[in-house]
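Below: one structure, written as structure tokens.
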Amino acid sequence: MNSQTRLLISASMVLSSLMQAMDTTIANVALPYMQGSVSASQDEIAWVLTSYIVTSAIMTPPTAFFAARFGIKRVVLVSIIGFIISSILCGASHSLTQIVLFRCLQGAFGAPLNPLSQTIMFNINPPERQGRAMATFSMVIMTAPVLGPVVGGLLTSDFTWRAVFYINIPFGVLSFLGVLFFLPESKVNARFRLDWIGFATLSLAVGALQILLDRGTEKDWFSSNEIIIETILGCAAFYLFLAHIFTAQRPFVRPALFANRNFTASTIFVVFSGITSFAALSLQPPFLQGLVNEPIVTAGLVMGPRGIGTIVSILITGRLIGKVDNRVLLFVGCAVSAWSFYLMSSWTQDISQTAIMLAGLIQGFGTGIVLVPLSTLALSTVPQEHRPEASSIFTLARLLGSGIGVSIVNGVFTDNVQINHAEIAGSITAFNRQLTTPHIAEFWSPLTAHGSAALDAVINQQAQIISYNNDYKLLMILSLITLPLLFFLNNAKPQGGHTEVFAD
């Protein structure tokens, strides 16, 4: 393969991965506009994020099966076409049900793009160029979280929120043509098998859990038959999944994998990391646009430093790996993330753009410090032959945590707004002496329709501010709650051979 063909294939794969990765953040800043367009509440519009994340998580583990059974090129081409079509359908949606359904399709088709792109980039380069190629690929993909809010803000401002999905069309078409004409066919292994029972039961359990969390607040939790059914369904599916993997000859997930203390502790750790890192992204756009009254373009720009902080910290941490104990890096990363949430927990509608960008920069820096050593510790003591499986589970846990985090913070926010509104309103009566002075009573008297409406607007604003602050405090606690897991991790050197723990 000549260098020109290699370059064209690399560009095509980078475009497809950038398109898929950017879609995890590009829609965030446009959520308030979507919310009004499809008449959804704040916790309901968050389904646009969680449906994409969770479906991507579910469809990531079977990627190896599809690639082996049908060939990498065919899977990539189908994924790109499916992603383009589902993106068009997302942009054309006129109801919350439609957009959530098509986001699920988008997540399902997009899931194979990132892992297969890395595989292709590794395969087409000779050994002496593989390290440089993967480093370049990683740097490009890391820019997606930075570009997402900025590009989303510009597109929504100049056109409409639907453009954040239509922008995938040119990316997808260029990537599809590059793969179609330049990527050679790969070998097909018809004997490759997937544990469909394990995959189906785990998918059902994850899906039921996510729907339960997404709709729990709206349905008043276990007072709803729907929530009870989803709970029973999720628990039953998870029980069947556990029973199957402990009895099947070649299960979807090997239980012996979790006998590895480093891997198990790191997997739990990454769930909480996913919760805190992505949940904050879902809270900021409605806060900035609804309470601070920032234009959508400005909201996207002030969220950009978070991604810059992540890139800088990953570059620094990459140089420290092997020189500094990974557990120390994890401690520092969690502490820095908690500090950023502490700063955000005191935000009001008068917060400055500088303070917002500084908190985002700190938060991104903390997130980046955690990512590299956590991945290293998770796989360091796993034998090489089991690392693809361990990596899939680790990725699934991170994405699942991201979806859970968005659901939790939006559900807590909705509940807290109602509680805080009731508590504040309880102290506002016609007998409140502060409201009887002439210059205040003229505008804020609870005895007039105009005064009541003005008071209700202010009370609702204050209730939302307190609720946002409580959410950030919750994320601060979750950032620190994983620190005891550091005692279960060891800084052992990577293993390459077979161990008794994974004996067949």
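The values are calculated or read from the model by the stated rules, or taken from the named source; none is laboratory data. Note that the structure is predicted; figures quoted are calculated from it, not measured. No Cβ is skipped: glycine too gets one built from the backbone with ideal geometry, and neighbour counts run over all protein chains shown.
Annotations
- Qualifying residues in the stretch 168-181 (those that are of a type outside the set (A, V, I, L, M) and surrounded by 19 or more Cβ atoms within 10 Å (Cβ to Cβ)) - the one nearest to the chain's Cα centre (by Cα): N168
- Any hit, the stretch 123-139, residues being out of contact with any Pro (no Cβ under 6 Å at 6 or more places or on another chain) and either within 19 Å of A57 (Cα to Cα) or modelled with pLDDT of 85 or more (or both): no
Okay, residues lined up against (1) within 28 Å of G304 (Cα to Cα); (2) of a type in the set (S, T, Y):
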residue	(1), (2)
L155	yes, no
A163	yes, no
F171	yes, no
F182	no, no
S186	no, yes
A200	no, no
D220	no, no
I229	no, no
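- Between T5, T63, the distinction of being at pLDDT below 85, under 30 Å from M121 (Cα atoms) and among the hydroxyl-bearing types (S, T, Y) belongs to T63 only.
- The residues on offer are V14, V75, V38, and the sole one that is in contact with a Phe, Trp or Tyr (Cβ under 8 Å, 6 or more places away or on another chain), under 23 Å from G207 (Cβ atoms) and either modelled with pLDDT of 85 or more or surrounded by fewer than 22 Cβ atoms within 10 Å (Cβ to Cβ) (or both) is V75.
- Test: residue in the stretch 243-256 that is at pLDDT 90 or above and surrounded by fewer than 16 Cβ atoms within 10 Å (Cβ to Cβ): yes
- Counted residues, the stretch 270-297 - those being polar (S, T, N, Q) and within 14 Å of P32 (Cα to Cα): 4
- Breaking point among (1) within 26 Å of the chain's Cα centre (by Cα); (2) farther than 28 Å from A67 by Cβ, for A237: (2)
- The criterion of being assigned to a helix (DSSP H, G or I) and of a type in the set (V, I, T) holds for T231.
- Counting only residues that are within 22 Å of the chain's Cα centre (by Cα) and under 24 Å from E294 (Cα atoms), the stretch 156-167 holds 7 of them.
- Criterion: within 30 Å of N490 (Cα to Cα), of a type in the set (K, R) and without any contact (Cβ under 8 Å) to a residue 60 or more places away in the chain - qualifying residue of R327, R319: R319
- Per-region count, the stretch 415-440, residues in contact with a helix residue (DSSP H, G or I) (Cβ under 6 Å, 6 or more places away or on another chain), among the β-branched types (V, I, T) and at pLDDT 85 or above: 1
- Exactly one residue out of I314, I369, I351, I308 is part of a loop (DSSP other than H, G, I, E, B), at pLDDT below 90 and assigned by TED's automatic domain parsing to the domain that holds I275: that is I351.
- Any hit, the stretch 21-28, residues being at pLDDT 85 or above, assigned to a helix (DSSP H, G or I), touching a helix residue (DSSP H, G or I) at 6+ places or on another chain (Cβ under 7 Å) and outside the structural domain of H386 (by TED's automatic domain parsing): no
- Test: residue in the stretch 359-369 that is surrounded by fewer than 19 Cβ atoms within 10 Å (Cβ to Cβ) and over 18 Å from P285 (Cβ atoms): no
- Once the stretch 405-427 is narrowed to residues that are aliphatic (A, V, I, L, M) and more than 9 Å from the chain's Cα centre (by Cα), the residue that is surrounded by the most Cβ atoms within 10 Å (Cβ to Cβ) is V409.
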